[in-house]
1. Restricting attention to the stretch 131-176, and to residues there that are hydroxyl-bearing (Ser, Thr, Tyr) and over 20 Å from the mean Cα position of the chain (by Cα), which single residue is farthest from Phe19 (Cα to Cα)?
2. Taking the condition touching a residue at least 12 places away in the same chain (Cβ under 8 Å), within 16 Å of ligand 3 (Cβ to nearest atom) and out of contact with any Asp or Glu (no Cβ under 7 Å at 6 or more places or on another chain), does Ser30 pass?
3. In the stretch 81-113, which residue that is in a strand (DSSP E or B) and touching a Phe, Trp or Tyr at 6+ places or on another chain (Cβ under 9 Å) is farthest from Glu210 (Cα to Cα)?
4. Could you run through the stretch 117-130 and say how many residues are under 18 Å from the mean Cα position of the chain (by Cα) and either more than 25 Å from Lys50 (Cα to Cα) or in a strand (DSSP E or B) (or both)?
5. Regarding Gly104, is this residue surrounded by fewer than 17 Cβ atoms within 10 Å (Cβ to Cβ) and more than 17 Å from the chain's Cα centre (by Cα)?
6. Can we say Lys37 is under 17 Å from Asp162 (Cβ atoms) and out of contact with any strand residue (DSSP E or B) (no Cβ under 9 Å at 6 or more places or on another chain)?
7. Return a yes/no flag: does the stretch 109-116 have any residue that is small (Gly, Ala, Ser) and within 19 Å of the chain's Cα centre (by Cα).
8. Just the residues that are under 18 Å from Ile67 (Cβ atoms) and either within 16 Å of ligand 3 (Cβ to nearest atom) or among the small types (Gly, Ala, Ser) (or both), please, taken from the stretch 79-138.
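Any read-out appearing in this document is the output of simple, stated calculations on the displayed coordinates, not a laboratory observation. Bear in mind that the values here come from a model prediction, so they are computed numbers and not experimental data. Here the Cβ positions follow ideal geometry from the backbone for every residue, glycine too, while neighbour counts run over all protein chains shown.
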Amino acid sequence: MKIILLGPPGAGKGTQAKFISEEYSIPHISTGDIFRKNISEKTPLGVEAKKYLDNGQLVPDEVTINIVKDRLGKDDCKEGFLLDGFPRTVNQAEALDLFLNNKGQKIDTALLIDVPKELILERMTGRRVCPSCGASYHVKFNPTKVEGKCDVCHSDVIQRKDDTESTVKDRLDVYDEQTQPLIGYYKKQKALSIVDGTGEINEVFQRVKESLKSICK
Ligand code: ADP
Ligand code: ADP
Ligand code: ZN
């Protein structure tokens with residue numbers, strides 16, 4: 001199964017991705033996680049990417065596209081994959097299509113997690129993440145069992161530097177300008193499915209499963 005998760009920052013892509021990846025045994029590929037890992041390890045890619053992440057801007061396409069191609073070339077992606085946070089521009093989407101086309105493949109669906117703007121700010125400013133395993137929590141909607149500690153690996157959870165109100169607003173503008181057009185792009189390919197992303201996390205996952213059932217056999 002080859003799935004793309006679409007949706008604004010804070011829609012719940014990362015949260016749903018963890019469930020989907022487990023349920024369907026496909027690797028969860030998050031470009032944001034890849035960049036953050038490189039930033040924390042201070043690799044050359046991390047040093048470059050940090051300038052963009054800190055300001056809520058997109059890392060340039062050529063850098064991002066190459067990283068994803070490399071990742072998709074790994075053995076564990078042979079049976080499928082789940083892309084979370086990529087593509088984010090039409091340019092990236094075209095590069096992905098071309099890359100898969102050359103291998104006689106295509107994505108099964110681009111799944112849009114639809115959440116109204118009014119809910120986004122609260123979701124994002126209350127988000128806490130685990131820097132070790134990438135798990136995502138929310139102080140109100142999805143708290144850790146032990147305060148401040150990741151349920152999965154027990155590391156200290158943190159607030160992302162780009163989850164402050166002003167950077168979130170910039171990221172939403174970037175989404176509107178550069179990522180929103182992908183909805184039309186996949187609709188035109190008849191590859192778009194839309195899931196209501198409001199309500200409890202588990203409720204959303206049930207909808208995701210229903211939607212995937214009808215698309216991917
Ligand atoms: P969120 O889950 O809140 O949408 P991500 O973790 O996906 O955020 O992304 C965090 C940041 O990483 C983005 O603001 C951007 O700077 C960078 N990034 C992630 N994916 C991409 C991409 N496909 N293209 C360019 N930049 C990206
Ligand atoms: P994205 O990867 O799309 O940026 P996340 O999965 O990190 O989004 O979710 C953003 C924040 O919203 C996190 O704090 C997460 O715990 C919370 N969240 C995710 N899904 C829901 C939901 N259905 N209801 C309330 N909060 C949610
Ligand atoms: Zn963890």
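1. Among those residues, the one meeting the criterion is Ser166.
2. Judged against the criteria, Ser30 is not a match.
3. Looking at residues that are in a strand (DSSP E or B) and touching a Phe, Trp or Tyr at 6+ places or on another chain (Cβ under 9 Å), I get Leu82.
4. Matching residues across the stretch 117-130 total 5.
5. yes
6. Yes.
7. Among the residues of the stretch 109-116, at least one is small (Gly, Ala, Ser) and within 19 Å of the chain's Cα centre (by Cα), which makes the answer yes.
8. Gly85, Ala93, Ala95, Gly134
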